[in-house]
Amino acid sequence: MARTLFDKIWDAHTILVRADGAILLHVGRHLIHDGSRAGFTSLKEKGLKLRHPERTFATPDHYVSTHAGTLEAIDVPYRREMVSALSENSREYGVNLFDLGDVRQGIVHVIGPEQGITLPGLLMVCGDSHTATHGALGALAFGIGASEVSHVLATQTLWQSSRPKSMRITVDGSLGLGVTAKDVILAIIAKISAAGGTGHVIEYAGSVFRDMSMEGRMTVCNMSIEAGARAGMVAPDEKTFEYLKGRPFAPKGADWDRAVAYWRGLVSAPDAVFDAEVHLDGAEITPMATWGTSPEQAAPVGGVIPDPAAAPDAERRGSLERALAYMGLKAGMKISEIPIDRVFIGSCTNSRIEDLREAAAVLKGRKAVIPALVSAGSGLVKLQAEAEGLDAIFREAGFRWGEPGCSMCVGMNGDTVEPGQHCASTSNRNFVGRQGRGARTHLVSPAMAAAAAVTGRITDVRELMQGAI
């Protein structure tokens, strides 16, 4: 049978299938962050060793301060303890650690590709739902729970109750001015819904993804989980190989040549059959923004907030009414009239150098009229941005130039949005309370976030790019 990219990687990592259908998988590389303390505690309680320290990679990101990249800057004891526990456990068990004070430290889903830890054909896991990011390089990557983290630490294997289905989302055509990878994935989720990919691994195909940068592919795969998918993937190609070559943990010399030869075969067969197919026209996608409390509640910047009365059923109508009540918005309101109180540029979705360049291009020569924070995805991204003078553009525009970390995406480090405030955010989730109790989140691209910063409202970035504002 002709196999998909997903089939090839899943089959290569399958150790055994039980009579009840459960599958034991080998884990190629395991990423951990400062939420992993319980996993190591379980190892100690059971007297177990870490099965493969060389396949385990750690960095603090969720609890770290963006005001200073030190342990002392973390002013809440339990947050500081979570970070220090990661350092202690990593050293005790011989884990590869990118700690505070190491320029390589950053968001785990940024440093994986950046260091060449993420490679095509690997099965990768992490105790974080946005592990799907790594699928952009042709890996099969997904988040796991706390008990599963412990199991992987101890055995380098993972049980799965069933094999996911496959979905292919094809986007052809050319993207227009001001349209980015973030707009593409928001348009996809708006089309298929936040549950549209449930039970599936998505492969992204078509000219839009072939033309997209590696960083753009990471943004798309990152938010696959917001469509309910188990993982998102893009087949590796010459762009992937060029991105990975020479990175610290990527193969070298003859090993590199053998790896690339193998990676070239990691594509879906032309006659492979997917369980579901979705098609979009890239030329029809415009800059997007969410207006509600789910990533599927998104609309083109030139659109309006839908009327719950037009919903197809009572359940859907109730969901829309609750979202509007929480967000303090009304049906029929133009997306471009939504007021914004603050801006956040960062997270594992949009904190790479390409994202910072896009935002800085909009901000250059302009001033933010509301509080704004930018947090690079890693120390290396931050250094590169500073070498290019991007930090000066952000600072001159009135942004706070923060240290690397998850920051205001989830607010576990103290960076939060005040109750009732609307935040234009480049992160991945706009759930109730995601950025703080009562916070109202609008997911946008870095360029759209920059546009909101200088206007104080959701703004069509194309107007600024064309000098209309």
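Values for this structure:
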item: Segment 208-307 - Rg (one decimal) and Dmax (whole number), Cα, Å; result: 17.8, 60
item: Value of relative contact order over segment 360-469, rounded to a whole percent, pairs C-alpha under 8 Å and six or more apart; result: 27 percent
item: Positive-end residue of PHE399, PRO270, HIS109, charge dipole of the chain with Cβ unit charges; result: HIS109
item: Protection proxy ranking, peptides 449-459, 6-16, average beta carbon neighbours within 10 Å, highest first; result: 449-459, 6-16
item: Theoretical FRET efficiency, 1/(1+(r/R0)^6), r = Cβ-Cβ of ALA361 and GLU54, R0 25 Å, to 0.05; result: 0.05
item: Rounded Å value of the spacing that divides the Cα centres of segment 219-240 and segment 324-350; result: 25 Å
item: Sites ALA12 and GLU277, calculated FRET efficiency, Cβ-Cβ separation with R0 25 Å, nearest 0.05; result: 0.55
item: Cβ-based net charge around LEU5, under 13 Å, with every Lys or Arg adding one and every Asp or Glu removing one; result: 0
item: Residue list for segment 202-228, given a label point 7 angstrom along the Cα-to-Cβ vector of ASP172 and an amide N cut-off under 11 Å; result: 206-208
item: J(HN,Hα) series, segment 443-457, from Karplus relation 6.51 cos²θ - 1.76 cosθ + 1.60, nearest Hz, glycine and proline x; result: 7, 8, 7, x, 5, 5, 5, 5, 5, 5, 5, 8, 10, x, 7
item: CD proxy at 222 nm, helix term only [per DSSP H run n ≥ 4: -39500 (n - 2.57); per residue of the chain; nearest 500]; result: -9500 deg cm²/dmol
item: About the Cα centre, charge dipole magnitude for segment 9-58 (Lys/Arg +1, Asp/Glu -1 at Cβ), debye; result: 220 debye
item: From phi via Karplus (6.51, -1.76, 1.60), per-residue ³J(HN,Hα) for segment 195-204 in Hz, x at Gly/Pro; result: 10, x, x, 4, x, 10, 9, 8, 9, 8
item: Packing-based ranking, highest mean first, of 305-317, 281-293, 161-173, 210-222 given that Cβ atoms within 10 Å are counted; result: 210-222, 281-293, 161-173, 305-317
item: About the Cα centre, charge dipole magnitude for segment 233-329 (Lys/Arg +1, Asp/Glu -1 at Cβ), debye; result: 540 debye
item: Spread of Cα-to-Cα distances over 10 Å intervals beginning at zero, given as percent, for the chain; result: 4, 21, 31, 27, 13, 2, 0
item: For segment 113-162 versus segment 21-72, the gap between their alpha-carbon centres in whole angstrom; result: 11 Å
item: Potential lengthening between LYS165 and ARG91 on full extension [0.36 nm per residue; Cα-Cα distance subtracted]; result: 22.7 nm
item: Evaluated over segment 365-461, the Cα radius of gyration and Dmax, each in Å; result: 13.1, 38
item: Only Lys, Arg (+1) and Asp, Glu (-1) charged, at Cβ; the chain dipole about Cα centre in debye; result: 440 debye
item: THR441 long-range amide H proximity, modeled H, under 5 Å; result: CYS423
item: Modelled FRET efficiency - R0 22 Å, TYR326 with LYS191, Cβ distances, 0.05 increments; result: 0.40
item: Whole-number accessible area per residue in Å² for the chain, which is evaluated in the context of all protein chains at 1.4 Å; result: 37 Å²
item: When each of LYS191/LYS382; LYS245/LYS382; LYS44/LYS382; LYS245/LYS364; LYS245/LYS367 is checked by Cα-Cα distance, pairs over 28 Å; result: LYS191/LYS382; LYS44/LYS382; LYS245/LYS364; LYS245/LYS367
item: Amide hydrogen neighbours beyond the local backbone of ILE32, cut-off 5 Å, H modeled; result: PHE57, ALA58, THR59
item: Amide H within-cut-off set for ALA229, under 5 Å, with H built and near neighbours excluded; result: GLY197
item: Nearby lysines by direct alpha-carbon distance to LYS252 (threshold 25 angstrom, same-chain neighbours under 8 apart not counted); result: LYS8, LYS239
item: For segment 254-291 versus segment 409-469, the gap between their alpha-carbon centres in whole angstrom; result: 29 Å
item: Ranked by how many other beta carbons lie within 10 Å on average, peptides 406-414, 139-147 from highest; result: 406-414, 139-147
item: Table column - 3J(HN,Hα) (Hz), segment 85-92, Karplus curve with 6.51, -1.76, 1.60, x for Gly and Pro; result: 5, 4, 4, 5, 5, 5, 5, 5
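The values are calculated or read from the model by the stated rules, or taken from the named source; none is laboratory data. Predicted, not measured: the structure shown is a model, and the values here were computed from it. Cβ coordinates were reconstructed from backbone atoms using ideal geometry, including for glycine residues, and neighbour counts include every protein chain displayed. Note: accessible area is taken over every heavy atom of the protein model, side chains too, but ligands, DNA and RNA are not part of it. Shrake-Rupley method; radii C 1.70, N 1.55, O 1.52, S 1.80 Å.
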